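What follows is a short report on a single structure.
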Amino acid sequence: MSNISLKINSKTYSVSTDVYTLIQRCELLSIMIPRFCFHEKLSIAGNCRMCLVEVNNSPKPVVACSTKVVNNMVVLTNSTLIKQIREHIIEFLLINHPLDCPICDQGGECDLQDQTLIYGSDRGRFKEIKRSVLDKNFGPFIKTIMTRCIHCTKCVRFIEEYSMGATIGTLGRGGNTEIGLYNNHILKSELSGNIIDLCPVGALTSKPYAFRARSWELIGTESLDIFDSCGSNIIIQTRGNEILRILPKRNDNINESWITDQIRFVYDAFKKQRLLIPYIKNQLNNKLLPVSWKFGIAFFINNIVVLSKKKPNFFNHFSIFSGNMLDLESIFFIKQFSLQYNIININNTNWNNVNTRHSYIMDTKINEIEFNTMTLILGLDLKIESPIINLKIKKSTHSNSFVKNIIYYIGACINSNINSNQIGLSTKSLLSVLYAKNHITFFIKNSKKLSIFSRSDFKNAYSFNNTIPSSFFKISTNLICLNSGDINTFELNLQSPTKILINDFKKRIPSIFYFIEFDQLLNWNLETSSIFRVYQGNNFSENIIKYNLFLPSTNFTEGSIRLYMNCESRIQRAYPSVTSPGSSIKNSNIIYTVMLSLYDCNSSVKNNSFMNLEHQKSLMLWFIPSYKKSGLVEKTFFLLNNTMKENFWIKNINYIPTIKSFYNNNLYSRISSTLNNINLYRSIDTNFFNL
Ligand code: SF4
Ligand code: FES
């Protein structure tokens with residue numbers, strides 16, 4: 001790329017032309033230009049005028065946020081004129097801005113406050129009465145004080161470009177201008193919390209965080225959104241040992257600067273109905289008795305031993321139910337435990353189709369999605385099933401994006417926020433699109449970059465990979481595994497049994513069921529007294545009465561580092577932000593302790609190297625080479641078995657999305673009061689407007 005010459009404040013620079021605007025170029029050269037309405041990831045509005053600079057050949061100052069850098073440009077960013085302009089703009093913005101900084105939640109991170117201090121005057125000339133604006137109802141997450149709004153329109157652009165389309169906007173003109181909803185419904189977006197971060201003043205703040213703390217009191221820890229498989233980067237902010245806020249951490253490879261409302265507002269669930277010590281259930285009165293760890297583990301082992309004496313092949317009656325948000329280390333120890341004793345593992349979904357890495361890792365990297373020229377979505381309601389991938393696809397449909405993406409959708413009707421063409425319902429439609437000679441096939445064949453998105457657990461997902469004609473060499477197939485823990489499960493090859501084996505397993509009573517962060521009891525209609533159920537997890541669940549033993553474990557924000565692989569095979573770390581509450585212990589340590597205690601009283605076990613923690617850890621390093629480094633796309637794992645390769649078949653199925661509600665689809669969001677409020681708000685909203 002050729003370099004051009006640029007003179008800023010009498011200093012000459014030789015710069016490349018790869019950065020689009022003057023404000024970005026100055027930032028790279030460490031020259032600060034103040035701004036309110038500019039954001040790198042949003043379209044340019046140029047309406048605050050705070051970034052005015054003097055440029056040669058221009059009779060008037062120009063806005064740096066929408067001016068392109070050209071060769072031999074001479075720029076003044078700190079002339080007397082520019083300083084005066086900035087002072088006047090701040091004075092103008094403060095005319096109607098209330099002086100309520102001491103009670104404003106934005107205090108300490110308010111752009112207007114900071115820039116007034118640096119560029120503002122020490123007095124104002126406005127003596128009239130300030131205007132006031134009515135607050136708007138943006139739902140249970142966002143508190144609005146619209147009198148503070150400076151009309152930068154960042155919130156409007158975010159909602160329009162990434163979320164719900166034109167739902168909010170600037171209403172009125174001149175002194176009556178205000179930001180509001182075009183209709184009187186609440187803001188219904190899975191990403192709405194991001195406008196809190198974007199707002200440069202205290203007009204939009206977080207309702208659950210209101211008056212809880214000042215920004216300078218908080219300490220941030222890097223972590224991950226484990227509620228979907230994208231692995232969005234987050235910052236967990238704590239004061240002492242309490243989580244007060246969750247914010248996005250910028251990572252241009254994954255989530256850019258955005259996170260979902262689910263991870264942003266879920267943190268109240270980490271403390272609610274918390275399991276702090278082990279409990280056993282008194283069989284006589286169904287009451288829970290608190291016990292020590294030593295007693296709890298001994299009780300577990302004793303039940304295993306008693307039952308194993310009754311049955312010859314006892315471990316055929318032992319099953320581990322693993323949750324779908326478990327980290328790599330926990331999955332590794334579950335796998336070792338299962339291998340040692342031939343235990344059956346069961347998780348939520350029927351994963352018989354997943355037998356190559358291609359079945360759960362996407363072909364297209366997350367940061368490449370926006371460069372697709374054509375996208376075909378099969379039965380995925382991405383808006384609620386994977387909002388970050390949906391955001392990337394929506395971004396690629398903007399008129400001002402690098403390339404314009406055309407979207408086709410096959411599947412049941414959904415309430416999508418992307419303009420797409422629905423071209424069918426089932427596999428039949430997919431095959432006709434791929435093999436027929438209609439205009440869509442022509443478009444697909446001639447598109448520069450086509451991506452197909454589908455779900456890993458569709459019954460014919462594997463066949464689907466083999467369905468694509470070889471002439472379509474430009475197609476990237478992306479079979480999305482929706483849960484973070486499921487990717488870890490496949491990556492470490494912790495196989496689930498086939499449906500036939502599960503049906504067979506249902507008949508094997510008495511049994512021991514060991515639930516690890518798996519909070520939904522299966523409706524198998526088994527006689528309860530014949531089953532010993534152990535629950536290992538963070539919170540008491542709705543099925544509390546059915547468990548015989550509770551073992552408290554830490555969650556992903558507590559105790560120690562957890563590793564997760566995301567849907568593009570990037571291994572990342574979730575660092576702990578608070579200490580382990582009560583006597584909870586991390587999952588892998590509990591599983592290892594159970595394994596060790598069982599070994600001590602079970603002479604049938606042959607391989608004692610399984611019981612050596614150091615040996616286990618070195619094995620884990622071998623299986624997970626990135627354990628010591630992270631953040632990169634990982635390519636070195638072993639392949640899953642390929643037994644289905646020869647005899648795949650194509651079965652006609654209707655593509656139907658699985659997740660019904662975004663706000664209670666996992667064990668944390670189900671117990672979060674903040675997230676459950678949205679359902680209440682939405683039902684009132686709908687009932688009210690249906691009157
Ligand atoms: S509410 Fe905040 S983000 Fe939206 S226009 Fe006003 S100042 Fe900007
Ligand atoms: S930042 Fe350039 S006009 Fe607002």
Please go through segment 410-453 and pick out each residue that is closer than 29 Å to GLU161 by Cα, touching a residue at least 40 places away in the same chain (Cβ under 8 Å) and among the polar types (S, T, N, Q).
ASN417, SER420, SER447, SER451
Anything in segment 148-167 that is β-branched (Val, Ile, Thr), without any contact (Cβ under 8 Å) to a residue 60 or more places away in the chain and within 12 Å of ligand 1 (Cβ to nearest atom)? List them, or say none.
VAL156, ILE159
Single residue of segment 228-238 satisfying the filter (under 18 Å from the mean Cα position of the chain (by Cα) and surrounded by fewer than 24 Cβ atoms within 10 Å (Cβ to Cβ)) that is farthest from ligand 1 (Cβ to nearest atom)
ASN233
If you go through ILE196, ILE226, the only one that is in contact (Cβ under 8 Å) with a residue 40 or more places away in the chain, touching a Ser or Thr at 6+ places or on another chain (Cβ under 6 Å) and not in a loop (DSSP other than H, G, I, E, B) is ILE196
Yes or no: GLY107 under 25 Å from PHE265 (Cα atoms) and touching a Lys or Arg at 6+ places or on another chain (Cβ under 9 Å)?
yes
Selection from segment 135-186 of residues touching a helix residue (DSSP H, G or I) at 6+ places or on another chain (Cβ under 7 Å) and under 17 Å from ASN96 (Cα atoms) yields ASP135, ILE150, THR170, GLU178, ILE179
For SER511, which of the numbered conditions (1) in contact with a helix residue (DSSP H, G or I) (Cβ under 7 Å, 6 or more places away or on another chain); (2) at pLDDT 85 or above fails to hold?
(2)
Looking at ILE186, ILE219, ILE145, ILE179, can you tell me which residue is under 25 Å from ILE246 (Cα atoms), within 14 Å of ligand 1 (Cβ to nearest atom) and not polar (S, T, N, Q)?
ILE145
Cβ pairs under 9 Å, 6+ apart or interchain, first in segment 29-52 and touching a residue at least 60 places away in the same chain (Cβ under 8 Å) and within 21 Å of VAL156 (Cβ to Cβ), second aromatic (Phe, Trp, Tyr) and near ligand 2 (Cβ under 7 Å from one of its atoms), ordered by first then second residue, are ALA45/PHE38; ASN47/PHE36; CYS48/PHE36; CYS48/PHE38; MET50/PHE36; MET50/PHE38
Criterion first (in contact with a Ser or Thr (Cβ under 9 Å, 6 or more places away or on another chain), touching a residue at least 12 places away in the same chain (Cβ under 8 Å) and on the phi > 0 side of the Ramachandran plot) does THR170 satisfy it?
no
Taking the stated definitions as given, is ILE85 touching a residue at least 12 places away in the same chain (Cβ under 8 Å) and under 23 Å from ILE145 (Cβ atoms)?
no
Residues of segment 22-74 being away from ligand 2 (no atom under 14 Å from the Cβ) and either of a type in the set (A, V, I, L, M, F, W, C) or part of a helix (DSSP H, G or I) (or both), which ones?
LEU28, LEU29, ILE31, VAL69, VAL70, MET73, VAL74
Taking the residues in segment 202-212 that are within 25 Å of the chain's Cα centre (by Cα) and of a type in the set (A, V, I, L, M) as candidates, determine which candidate is farthest from ASN676 (Cα to Cα).
LEU204
When you look at THR80, is it free of Cβ contacts under 8 Å to residues at least 24 places away in the same chain, over 25 Å from ARG173 (Cα atoms), away from ligand 1 (no atom under 16 Å from the Cβ) and outside the structural domain of TYR209 (by TED's automatic domain parsing), yes or no?
yes
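The values are calculated or read from the model by the stated rules, or taken from the named source; none is laboratory data. These numbers were taken from a predicted model, which means no experiment stands behind them. Neighbour counts run over all protein chains shown; Cβ positions are idealised from the backbone, glycine included.
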